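To start, the structure itself, in structure tokens.
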Amino acid sequence: MRRLFWLGVGVVAGVALSRKATETARQATPAGLASNLGEAVRELAGAVGSFGAEVRAGMNEREQELHDMVEERTGVTAPRAEGRHAAAARRPVRRARRAEG
């Protein structure tokens, strides 16, 4: 019974090591390296986008705080702007005209 147990453990360990070795070998190929690089770039792009969203949220929050402070100190109620980024998003995109000819 013990021999059967150890045989099973050996088979499982062999299969696990074989799969790990195959995966490591695949990652060392040009296709594997390109896949890893693509995943890294996607992760970096997501992090940069998230950082930009957090910065914009912080800018809007600080702008609101400053606006409230000016109103409190001066008593003047100024119209609230939607923010520079919102105005830029509404602006039409200019496209270069192609020369016909």
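Just so you know, all these numbers are worked out from the coordinates, no wet-lab data involved. Everything numeric in this text was worked out from a predicted model, so none of it was measured. Every residue, glycine among them, receives a Cβ derived from its backbone with ideal geometry; neighbour counts consider all protein chains shown.
Odds and ends about this structure:
- Taken over segment 28-49, the criterion of being small (G, A, S) and assigned to a helix (DSSP H, G or I) is satisfied by A31, G32, A34, S35, G38, A40, A45, G46, A47, G49.
- Some residue of segment 61-79 being outside any helix (DSSP H, G or I), in contact with a His (Cβ under 8 Å, 6 or more places away or on another chain) and either free of Cβ contacts under 8 Å to residues at least 40 places away in the same chain or surrounded by 10 or more Cβ atoms within 10 Å (Cβ to Cβ) (or both): yes
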